[in-house]
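Structure first, commentary second.
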Amino acid sequence: MGRVMAKSEIGLIGLGTMGAALSLNIADHGFAISVFNRTTTTTHEFHAEAGTLADKITPTETPEDFVASLASPRAIILMVPAGEIVDKQIAALRPLLDPDDLIIDAGNANFRDTQRRAETADKAGEVFLGIGVSGGEEGARFGPSIMGGGPKAAWERVAHILTAIAADYEGTACATWMGQGGAGHFVKTVHNGIEYADMQMIAEAYGILRDGMGQSASDIAKAFKTWNNGPLQSYLIEISGEVAAATDPKSGAAMLDVILDRAGQKGTGRWTAVEAQHLAAPIPVIEAAVAARNISTAKPSREEGEAIFGAAPQPLDGALTLDDLEGALIAGKIMCYAQGFHLLNNASAEFGWELPMPEVARVWRAGCIIRSSMLNDMATALTETPDTNLMFAPFFADKMRDTHGALRKVVARASEHGLTVPALSAALSYFDMMRTARGTANMIQGQRDFFGAHGFERVDGGSDHHGPWGS
Ligand code: 6PG
């Protein structure tokens, strides 16, 4: 009688970088896991390289064997490229599964796809979760931040595994159910939009240090390492210091000086900007970051522009200090997160998710790419003043009082010297607009009524008035 293989508690399909890392993390926490990959050699290579964890891992060569190796009711994680591949994988699994088997899409899915898949599963009596997993390969292996979406009962079936493998912040797992349907993937999308903005503002500070202050990459690394010991402490500040300190093994030059200045993007930041427009949620810092990535790809045009107009960047001649930059980044970060949580709030109302805002901040405190010490203060503020724009919460209002002068000085001096600061500028304008009780949209209303008779409200009351500009 052949040895009866014990059934695995969970399965994972897709042994790419993230899938392999997550599988090892799951096995490392004592859960028996079955794995399947379209390319069988990848599966066997993964298992052969799993070391002592191999005993917890069942490699399978066919979808049928994979499903048969799982204890019922089954739980299957898909770690495959977002888009139609997910739909094809679900369709391929469907005939092999029982009604209460659970499929979990852990890729960077567009939340609208997840909403659709959730609705399809619900109508078919199937069970589907969409979870955002943040932290890159290291996070997936040693502790990601996990943002769950779908039926709460389905989340609770695998919560013991997801909380076990998630990052830990002072004893609390960074893994939370965010709401129904695409809630988890939406929160992950906004995480990525904020990630773009954080990265862009750091890049703007880097540009000021390099082109305005004439600092070398190694000097810049020192600045980032210093900032990482203060209010700006974060994974992105930390790794930016590492990137600046790195040397190109090929040429011996500073690695930063060898990397071409054209940014890639898989699209998650763009999705954030698109959804914010649908939800009428102003996120100018994130939108500026997405636009900056798009402009960065226009390298030939930028070279043409420099030849026509002359290079923009000019030396600052001492007009700014490192403290100015640190203050500007603090203020810009607060503006960016205030906008991100405003977007989450609008989405929560629009889609009926009741997103747990303090929990969103808590889940981001460790494991994810935007992890930072400031997120703990945000969780506190979102708990104490839940219906207030983050920038008006006492703690952050005080921070803004202390730092908006630096933001203004950096934006002004940088702009005077052709040092591009689109995200920091957007942060400053947002801050000033949000503290201008009498704005200028009355001119917009007058224009709209003049050419389109769209009507306007009057300051002395009433709506749908029209101006005296003729029929
Ligand atoms: C994460 C990251 C990850 C993202 C990469 C690349 O949370 O682990 O956000 O999900 O895909 O950072 O994203 P871009 O190519 O869009 O920069």
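The values are calculated or read from the model by the stated rules, or taken from the named source; none is laboratory data. A quick note: this is a predicted structure, and the numbers were derived from the prediction, not measured. Here Cβ is always computed from backbone atoms with ideal geometry, including for glycine, and neighbour counts include all displayed protein chains. We work out accessible area using only protein heavy atoms, side chains counted, and drop any ligands, DNA or RNA first. Shrake-Rupley method; radii C 1.70, N 1.55, O 1.52, S 1.80 Å.
Does segment 112-151 hold any residues that are away from the ligand (no atom under 16 Å from the Cβ) and among the aromatic types (Phe, Trp, Tyr), and which are they? Spell out how you get there, then give the answer.
Keep residues of segment 112-151 that are away from the ligand (no atom under 16 Å from the Cβ), which gives 112, 115-129, 150-151.
If the condition is that a residue be away from the ligand (no atom under 16 Å from the Cβ) and among the aromatic types (Phe, Trp, Tyr), then PHE128 is the only one that fits.
Checking each residue in segment 200-225 for being closer than 18 Å to THR321 by Cβ, in contact with an Asp or Glu (Cβ under 8 Å, 6 or more places away or on another chain) and touching a residue at least 40 places away in the same chain (Cβ under 8 Å) picks out only LEU209. The condition of being outside the structural domain of ALA121 (by TED's automatic domain parsing), away from the ligand (no atom under 16 Å from the Cβ) and either part of a helix (DSSP H, G or I) or on the phi < 0 side of the Ramachandran plot (or both) holds for only one of ILE239, ILE220, ILE202, ILE194, that being ILE220.
Of the residues that sit in segment 161-176 and are away from the ligand (no atom under 15 Å from the Cβ) and within 16 Å of ILE77 (Cα to Cα), which one is most open to solvent (accessible area, probe 1.4 Å)? This residue is THR163.
When we screen ALA437, ALA426 for residues that are open to solvent by less than 30 Å² (accessible area, probe 1.4 Å) and modelled with pLDDT of 95 or more, the only hit is ALA426.
Between GLY352, GLY340, GLY405, the distinction of being within 16 Å of the ligand (Cβ to nearest atom) and either open to solvent by 10 Å² or more (accessible area, probe 1.4 Å) or not hydrophobic (A, V, I, L, M, F, W, C) (or both) belongs to GLY340 only. For the criterion of being assigned to a strand (DSSP E or B) and not hydroxyl-bearing (Ser, Thr, Tyr), MET178 passes.
Look at segment 243-267 and say how many of its residues are within 16 Å of the ligand (Cβ to nearest atom) and charged (D, E, K, R). Working first, answer last.
Residues of segment 243-267 that are within 16 Å of the ligand (Cβ to nearest atom), as a first pass: 243, 259-267.
Narrowing the set further to residues that are charged (D, E, K, R) leaves 261-262, 266.
Qualifying residue count, segment 243-267: 3.
Hand me the list of strands (runs of 3 or more DSSP E) wholly inside segment 1-64 holding 3 or more residues that are under 27 Å from the mean Cα position of the chain (by Cα).
Values: elements: 10-13, 33-36, 57-60.
Per the criteria, 10-13.
In the set (1) within 28 Å of GLY125 (Cα to Cα); (2) in contact (Cβ under 8 Å) with a residue 40 or more places away in the chain, SER34 fails one condition alone, (2). Of the residues in segment 328-347, not one is under 17 Å from LEU390 (Cα atoms), part of a loop (DSSP other than H, G, I, E, B) and in contact with a Ser or Thr (Cβ under 6 Å, 6 or more places away or on another chain).
From GLN233, GLN277, GLN215, grab the single residue that is under 28 Å from ALA298 (Cβ atoms), polar (S, T, N, Q) and either open to solvent by 50 Å² or more (accessible area, probe 1.4 Å) or modelled with pLDDT under 95 (or both).
GLN277
Filtering ARG270, ARG293, ARG302 for residues that are open to solvent by 70 Å² or more (accessible area, probe 1.4 Å) and either within 15 Å of the ligand (Cβ to nearest atom) or touching a residue at least 24 places away in the same chain (Cβ under 8 Å) (or both) leaves a single hit, ARG270. Against the conditions (1) within 12 Å of the ligand (Cβ to nearest atom); (2) aliphatic (A, V, I, L, M); (3) touching a Leu at 6+ places or on another chain (Cβ under 9 Å), ALA154 satisfies every one except (1). In summary, helices (runs of 4 or more DSSP H) completely within segment 255-307 and bearing 3 or more residues that are in contact with a Leu (Cβ under 9 Å, 6 or more places away or on another chain) occur at 268-278, 284-296. When the test is whether a residue is within 26 Å of TRP271 (Cα to Cα), at pLDDT 95 or above, of a type in the set (Ser, Thr, Tyr) and not assigned by TED's automatic domain parsing to the domain that holds THR272, THR176 passes it.
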